[in-house]
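Report on the following structure.
No value in this document is a laboratory result; all are computed from the given coordinates. What you see is a predicted model, and the numbers here were worked out from it, not measured in a lab. All Cβ positions, glycine included, derive from the backbone under ideal geometry; neighbour counts span all protein chains shown.
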Amino acid sequence: ARGMSPEHARQAALREFGGIARFQDDVRDTWHASLLGDLRRDLRYAWRGLSRRPLLLVVSILSIGLGVAVNTTVFALAKTLFLSPPSARDAGRLVNIRLARSSHASYEQWRALSTSDALAGVAGYQIESEVNWLRGDAAVTLVPMLVTANFFDVVGVPVGHGRAFTAAEARAELDPRVVVVSDGFWRSALGADSAAIGRAIMLNGRPYTIVGVLAPHIRGIFGYGSAPAVYLPLSKTLLPYLGEPGAPVVQL
């Protein structure tokens, strides 16, 4: 209005008002004080209202506690089932392979892929079969994890005692009779006996020699909290249709 340039007018206004930073600090302090005051008033009002109704206070506290507990449990379960990486040597490099939109491949398809050098290694597994374990005079049904001979070499699932079976000794063509058991099975069924390594257990009426015990708290590569009691190499004894062309045998 006085004919000053915009820049000169701004400088004059700043000199007259004393700078913006001081006003910013005053506004910020006022806002914080107002927020804290409102919070104190709200808390006092809520406490007075609840203290007049002790039953409502107890129910409110229990509801909040129950809600927190449920949320914590659900998150822990979701983390275990879906978010935690599987127990493997290099879990970040594991991938699932689907052939022609099928979740399973035949034994011949697995063998062709595993020898093609297309990937660092290709292992297969199956969890749809059952075996009968002879425990004393009673037969107990187990859901094993049937795996290709190179499963432990490729995936590198940690072993706590003994060793995993190797690709050389566990080829399906040899009708292998070796087994790796879980830590839970070793403790509950075998009494955590260190002498169990080298001992045979009867599965489907045939002896299978225990060569190793997995480390505790193993998370399987297929997730969902599943923990097979025993790991067995594929064989025609366990899967009579193993050699049939196109027979869906393993997941890769």
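Quick notes
- Radius 14 Å from Cβ of Glu244, net charge of other residues (Lys, Arg +1; Asp, Glu -1): +1
- Estimated D of segment 180-252 in µm² per second, where Rh is the Kirkwood radius over Cα pairs and Stokes-Einstein applies at 10 °C, 1.306 mPa s: 113 µm²/s
- Taking amide H as placed 1.01 Å from N in the peptide plane, the amide H of Gly162 sits under 5 Å from that of Val213, each at least 5 places away or on another chain.
- 14 Å beta-carbon shell around Ala215, net charge (K/R +1, D/E -1): +3
- Taking other residues whose beta carbon is less than 15 angstrom from the beta carbon of Val230, and scoring Lys, Arg as +1 and Asp, Glu as -1, yields +2.
- Principal axes of segment 121-252: Cα extent on each, largest first, Å: 42, 31, 29
- Residues whose amide H falls under 5 Å from that of Thr237, counting only those 5 or more places apart or on a different chain, are absent, with hydrogens built in the peptide plane.
- Highest mean first, the peptides 101-110, 191-200, 115-124 sorted by other C-beta atoms within 10 Å per residue fall in the order 101-110, 115-124, 191-200.
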